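Comments concern the structure below.
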Amino acid sequence: MTQPEQATLPAARAGTTVDAVAARMRALDAVLPERDGVAVFNRVYLTVTEEIGRRLRGGEFPDPRAATALDVRFAERYLTAVEADAADLRPPACWRPLFQLRRHPGVRPLQFALAGVNAHVGHDLPLAVVDACHALGCEPADLEDEFEHVGEILVALEERVREELMPGPDLLQLADPLTHLVGSWSLERAREAAWAAARALWALRHCPDVAGEFTDRLDAV
């Protein structure tokens, strides 16, 4: 079975809003077992999406239309990966560890959450920036304020995720590999890399072969 083309994912469904994608995440939460790895990440992402929706309604984004376009297309890539896995299709390679190990009893909730965040920010975010630019007829630079604003929300919630999902000191030894994983991974660095990748993909948009190879490498990373 061939892998579906993720780099040319169609634009978000007509009329889709941040509240609409949040509703789809809530629907997933309602049917997934609580300890399922995708459920763990989905709860984290739902929290982020609901916060973005609140801030949009509160007028905190300088360009609500651009912020909505970016957030919706970002969420659509995750939801499309979930749907592909449910249909026994092949989601992007970066998502497969989470899907394949989602029921493994030896994997901790924090690992599931970080695996999802890593795939979504490292792979989906730059592609979502390009999707939004095509939809809005703009350049990545025109979305930089919205990108940074969404990123600030993600960073603020990262600490909350660690606090809620990190095992307590009674369960976690200093030499536990999880402490090294948490200490070595940085959402801020991942966001910076995603922005650089989005700009590179946009610059390569008239060179589809090279852009496709770049996207494949992005997925493999």
Check: Regarding Arg26, is this residue open to solvent by 20 Å² or more (accessible area, probe 1.4 Å) and at pLDDT 95 or above?
Finding: yes
Margin query: Suppose we filter the range 80-89 for residues that are surrounded by fewer than 17 Cβ atoms within 10 Å (Cβ to Cβ) and either farther than 16 Å from Asn42 by Cβ or not acidic (Asp, Glu) (or both); how many remain?
Written below: 4
Next item on the list: Tell me the helices (runs of 4 or more DSSP H) entirely within the range 149-221 that contain at least 1 residues that are modelled with pLDDT under 70 and among the hydrophobic types (A, V, I, L, M, F, W, C).
Entry: 177-184
Item checked: From Arg77, Arg55, residue being open to solvent by 10 Å² or more (accessible area, probe 1.4 Å) and in contact with a helix residue (DSSP H, G or I) (Cβ under 8 Å, 6 or more places away or on another chain) -> Arg55
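The values are calculated or read from the model by the stated rules, or taken from the named source; none is laboratory data. All of these numbers come straight from a predicted model, not from anything done at the bench. Neighbour counts run over all protein chains shown; Cβ positions are idealised from the backbone, glycine included. Note: accessible area is taken over every heavy atom of the protein model, side chains too, but ligands, DNA and RNA are not part of it. Shrake-Rupley method; radii C 1.70, N 1.55, O 1.52, S 1.80 Å.
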